[in-house]
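Comments concern the structure below.
The values are calculated or read from the model by the stated rules, or taken from the named source; none is laboratory data. Computed from a prediction, not measured in an experiment: that's the story for all the values here. Here the Cβ is made from the backbone with ideal geometry for all residues, glycine too, and neighbour counts use every protein chain on show. Quick note on the areas: whole protein, heavy atoms, side chains included, nothing else; ligands and nucleic acids left out. Shrake-Rupley method; radii C 1.70, N 1.55, O 1.52, S 1.80 Å.
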Amino acid sequence: MGAMSPDPLLRALEGIVGAVHVLVDPALRAGFESDWTGRYHGRALAVVRPSSTAEVAAVVRACADAQVPVIPQGGNTGLVGGGVPRPGSTGVVLSTRRLDSVGAVDTSSGEVVAGAGAPLGAVQDAARAAGWDVGVDLASRDSATLGGMVATNAGGEHVVRYGRMRNHVIGVEAVLADGSTVGRVPALRKDATGIEWAGVLAGSEGTLAVITQVHLALVARLDAHAVALVAFDDFASVARIAGELRATLPSLLALEAFFAGGLRRVRDHTGLPSPFADDWPAYLLVELATSAEDAARETERLASVLDRHSGVRATAVAEDEAGAARLWAYRDRHTEAINAAGVPHKLDVTLPHDRLVEFTERVPGTVAAIEPDAELVLFGHVGDGNIHVNVLGLDPDDATVDHAVLQLVASMHGSISAEHGIGIAKRRELALTRTDADIAAMRAIKHALDPEGVLNPGVLLPDPR
Ligand SMILES: Cc1cc2nc3c(=O)[nH]c(=O)nc-3n(C[C@H](O)[C@H](O)[C@H](O)COP(=O)(O)OP(=O)(O)OC[C@H]3O[C@@H](n4cnc5c(N)ncnc54)[C@H](O)[C@@H]3O)c2cc1C
């Protein structure tokens with residue numbers, strides 16, 4: 001887009017949201033211009049903070065008229081650079097954080113309507129207070145917003161039981177690039193009147209619309225939780241037992257894996273004590289959630305599966321909230337501990353279940369062949385075949401290792417993004433696991449909804465050849 005002089009646009013934006021919500025001071029903009037990992041950053045003309053759907057629509061229209069790109073941003077916890085300005089191009093960051101209302105939970109149907117800028121944690125609190133719960137959970141829960149979670153089709157720690165964000169969205173309201181508002185909120189659980197906006201926008205990463213409201217289906221709140229951390233000799237045992245736990249435990253809520261190197265990073269960063277007397281190569285964190293009546297039977301089932309496995313080296317079990325939080329910290333604090341050690345290259349990938357172990361054995365060689373001194377930290381949602389590959393010690397602007405790892409994933413019939421999206425980080429590699437026909441169709445949808453390329457240009461789709 002060929003941008004006109006910014007001043008009239010800034011005046012128009014101030015007229016829409018009030019001068020105090022148009023941030024132009026570099027110090028105020030800074031937190032919106034750099035991503036969570038510190039790897040992606042650029043400069044925005046301004047950060048605009050609308051507080052209603054009508055204001056979002058007017059902001060988008062003003063930017064479209066001025067031919068200035070709009071970069072939608074929620075909690076800015078995304079890990080692929082899609083929510084921050086790109087180097088060398090200026091746009092307006094549209095922050096949804098003031099769209100943070102959480103409506104009353106409908107206790108009979110288990111539903112809630114919230115603003116797209118509502119943080120997941122606030123929605124979880126409201127749901128739990130009403131006897132319900134949100135079926136998606138992420139370690140970034142205090143900042144990640146519902147709109148960002150739909151836009152990335154977030155996964156998280158409970159996918160093994162409840163599926164991804166898309167599965168929980170009854171309806172959305174959103175503003176298109178021409179400033180028109182689409183979608184219906186509150187929506188209906190069944191509404192077969194054509195294309196669903198929730199489906200179109202799940203995974204669209206801010207390139208098709210700015211989501212303004214989300215109508216969410218909740219899940220039953222389960223009060224009996226048990227968490228076990230289990231140590232193993234090798235990851236092959238972790239993968240094997242994970243499959244068996246899925247088949248035998250109806251109460252399974254989470255299945256998370258990590259390795260000795262990641263645990264060491266977490267302990268160095270947090271000062272947490274070692275979970276066991278000895279160190280072991282691989283760890284599995286299991287959470288069960290069920291009703292009080294079924295709790296004893298489910299924990300016995302878990303114990304009997306663990307007892308049968310020769311690879312189990314040590315087990316710690318927590319049955320109260322504080323103990324569970326202590327065990328979860330070893331897993332949940334991986335992302336922050338890795339970030340504290342440097343600017344990581346983060347490659348979030350999925351492998352077919354039967355190639356997961358092979359991948360963890362091959363990826364160190366792939367990285368070392370290019371950068372022998374790089375540090376590799378793997379962890380992930382093992383129940384979903386999802387491994388987070390983190391590489392420390394690389395130049396932030398050199399993607400050679402990233403490309404090699406993603407090629408390995410593609411050669412093993414995996415996906416180059418499990419849950420974080422494509423953003424700017426992986427758009428050049430999109431064709432590794434999506435066909436030319438897929439990409440052409442995505443491009444056609446983008447062009448139909450946003451012919452001028454107002455919304456998040458440079459994100460998700462590769463440049464046309
Ligand atoms: C510690 C940590 C743990 C994490 N764990 C997980 C995990 O387990 N699973 C997982 O899936 N992710 C995880 N993430 C990544 C991140 O939290 C998710 O991608 C989340 O969905 C992003 O939400 P956000 O509001 O922060 O979006 P942002 O980072 O602000 O934006 C992400 C993308 O969505 C677009 N977007 C944001 N809001 C809107 C909107 N209203 N309308 C249209 N587009 C929008 C942006 O343009 C951008 O492309 C983690 C991140 C951190 C820091």
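Of all residues in the stretch 315-334, count the ones that are of a type outside the set (Lys, Arg), surrounded by fewer than 22 Cβ atoms within 10 Å (Cβ to Cβ) and within 23 Å of the chain's Cα centre (by Cα).
Selection size over the stretch 315-334: 6.
Inspect all residues belonging to the stretch 212-228 and state whether any of them is closer than 22 Å to Gly311 by Cα, touching a residue at least 24 places away in the same chain (Cβ under 8 Å) and in a helix (DSSP H, G or I).
Checked against the condition, which is being closer than 22 Å to Gly311 by Cα, touching a residue at least 24 places away in the same chain (Cβ under 8 Å) and in a helix (DSSP H, G or I), the stretch 212-228 yields no hits at all.
Considering the stretch 432-461 alone, what residues qualify as being assigned to a loop (DSSP other than H, G, I, E, B) and closer than 17 Å to Ile71 by Cα?
Scanning the stretch 432-461 gives Asp450, Pro451, Glu452, Gly453, Val454, Asn456, Pro457, Gly458, Val459, Leu460, Leu461.
Any residue that is within 24 Å of Glu419 (Cα to Cα), at pLDDT 95 or above and crowded, with 23+ Cβ neighbours inside 10 Å - is there at least one of those in the stretch 100-107?
Taking every residue of the stretch 100-107 in turn, none turns out to be within 24 Å of Glu419 (Cα to Cα), at pLDDT 95 or above and crowded, with 23+ Cβ neighbours inside 10 Å.
Go through the stretch 106-141 and count every residue that is more than 16 Å from the ligand (Cβ to nearest atom) and within 26 Å of Ile338 (Cβ to Cβ).
0
Restricting attention to the stretch 121-144, which residues are outside any helix (DSSP H, G or I), touching a residue at least 24 places away in the same chain (Cβ under 8 Å) and more than 16 Å from Gly155 (Cβ to Cβ)?
Scanning the stretch 121-144 gives Ala130, Gly131, Trp132, Asp133, Ser143.
Look through His420, His403 and report the one residue that is open to solvent by 30 Å² or more (accessible area, probe 1.4 Å), touching a residue at least 24 places away in the same chain (Cβ under 8 Å) and under 26 Å from Ala144 (Cα atoms).
His420
Going through the stretch 122-134 one residue at a time, which ones are surrounded by 22 or more Cβ atoms within 10 Å (Cβ to Cβ) and not aromatic (Phe, Trp, Tyr)?
If the condition is that a residue be surrounded by 22 or more Cβ atoms within 10 Å (Cβ to Cβ) and not aromatic (Phe, Trp, Tyr), then Val123, Ala127, Val134 are the ones that fit.
Tell me which residues, restricted to the stretch 105-153, are farther than 21 Å from Thr290 by Cβ, of a type in the set (A, V, I, L, M) and more than 11 Å from the chain's Cα centre (by Cα).
Residues satisfying the conditions are Val105, Val112, Val113, Ala114, Ala116, Ala118, Leu120, Ala122, Val123, Ala126.
For the stretch 412-431: of the residues being within 17 Å of Thr360 (Cβ to Cβ) and in a loop (DSSP other than H, G, I, E, B), which is nearest to the ligand (Cβ to nearest atom)? Break it down into steps so the answer makes sense when it comes.
Step one: of the stretch 412-431, the residues within 17 Å of Thr360 (Cβ to Cβ) are 412-416, 418.
Within this subset, residues satisfying the condition of being in a loop (DSSP other than H, G, I, E, B) are 412-414, 416, 418.
Details: Met412: 21, His413: 21, Gly414: 16, Ile416: 15, Ala418: 8 Å.
Among those residues, the one meeting the criterion is Ala418.
Pairs needed: first member in the stretch 38-53, among the charged types (D, E, K, R); second member anywhere, buried (at least 24 other Cβ atoms within 10 Å of the Cβ); C-beta distance under 6 Å; at least 6 residues apart or different chains.
Here the result reads Arg43/Pro85; Arg49/Ser95, each pair linking the stretch 38-53 to a residue that is buried (at least 24 other Cβ atoms within 10 Å of the Cβ).
So that you can scan it fast, the table gives a plain yes or no per residue for (1) open to solvent by less than 10 Å² (accessible area, probe 1.4 Å); (2) within 22 Å of Pro8 (Cα to Cα); (3) under 19 Å from the mean Cα position of the chain (by Cα):
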site: Leu28; (1), (2), (3): no, yes, no
site: Cys63; (1), (2), (3): yes, yes, no
site: Gly78; (1), (2), (3): no, no, yes
site: Pro87; (1), (2), (3): no, no, no
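For the stretch 145-171, give me the residue count where each residue is in a helix (DSSP H, G or I), among the basic types (Lys, Arg) and either within 13 Å of the ligand (Cβ to nearest atom) or open to solvent by less than 30 Å² (accessible area, probe 1.4 Å) (or both).
1
May I ask you to verify whether Arg265 is buried (at least 19 other Cβ atoms within 10 Å of the Cβ), at pLDDT 95 or above and among the charged types (D, E, K, R)? Lay out the reasoning, then the answer.
On the way: buried (at least 19 other Cβ atoms within 10 Å of the Cβ): yes; at pLDDT 95 or above: yes; among the charged types (D, E, K, R): yes.
Against the criterion (buried (at least 19 other Cβ atoms within 10 Å of the Cβ), at pLDDT 95 or above and among the charged types (D, E, K, R)), Arg265 qualifies.
Kindly evaluate Thr212 against the criterion of being open to solvent by 20 Å² or more (accessible area, probe 1.4 Å) and among the hydroxyl-bearing types (Ser, Thr, Tyr).
no
Take the residues in the stretch 204-218 that are away from the ligand (no atom under 12 Å from the Cβ) and touching a helix residue (DSSP H, G or I) at 6+ places or on another chain (Cβ under 6 Å); name whichever of them is nearest to Thr152 (Cα to Cα).
Among those that are away from the ligand (no atom under 12 Å from the Cβ) and touching a helix residue (DSSP H, G or I) at 6+ places or on another chain (Cβ under 6 Å), it is Leu216.
Output the number of residues of the stretch 67-76 satisfying the condition of being within 8 Å of the ligand (Cβ to nearest atom) and surrounded by 24 or more Cβ atoms within 10 Å (Cβ to Cβ). Show your work before the answer.
Keep residues of the stretch 67-76 that are within 8 Å of the ligand (Cβ to nearest atom), which gives 71-76.
Still in the running and surrounded by 24 or more Cβ atoms within 10 Å (Cβ to Cβ): 71-75.
Here the count works out to 5.
Residue by residue through the stretch 23-68, note down the ones that are under 30 Å from Pro396 (Cβ atoms) and either polar (S, T, N, Q) or part of a helix (DSSP H, G or I) (or both).
Result: Pro26, Ala27, Leu28, Arg29, Ala30, Gly31, Phe32, Glu33, Ser34, Thr37, Cys63.
Taking helices (runs of 4 or more DSSP H) that fall entirely within the stretch 300-409, which contain at least 1 residues that are at pLDDT below 95 and within 16 Å of the ligand (Cβ to nearest atom)?
321-332, 334-340
Which of the residues spanning the stretch 231-250 are among the aliphatic types (A, V, I, L, M) and either assigned to a helix (DSSP H, G or I) or out of contact with any strand residue (DSSP E or B) (no Cβ under 7 Å at 6 or more places or on another chain) (or both)?
So the first thing to find is which residues in the stretch 231-250 are among the aliphatic types (A, V, I, L, M), and the list is 231, 236, 238-239, 241-242, 245, 247, 249.
Matches in the stretch 231-250: Ala236, Val238, Ala239, Ile241, Ala242, Leu245, Ala247.
Mind listing whichever residues of the stretch 182-203 are within 13 Å of the ligand (Cβ to nearest atom) and either surrounded by fewer than 18 Cβ atoms within 10 Å (Cβ to Cβ) or not in a loop (DSSP other than H, G, I, E, B) (or both)?
Val182, Gly183, Trp197, Ala198, Val200, Leu201
If you check Ser51 against the conditions, is it touching a His at 6+ places or on another chain (Cβ under 9 Å), within 16 Å of the ligand (Cβ to nearest atom) and either open to solvent by 40 Å² or more (accessible area, probe 1.4 Å) or not aromatic (Phe, Trp, Tyr) (or both)? Reasoning before the result, please.
Details: touching a His at 6+ places or on another chain (Cβ under 9 Å): yes; within 16 Å of the ligand (Cβ to nearest atom): yes; either open to solvent by 40 Å² or more (accessible area, probe 1.4 Å) or not aromatic (Phe, Trp, Tyr) (or both): yes.
So Ser51 fits the description; yes.
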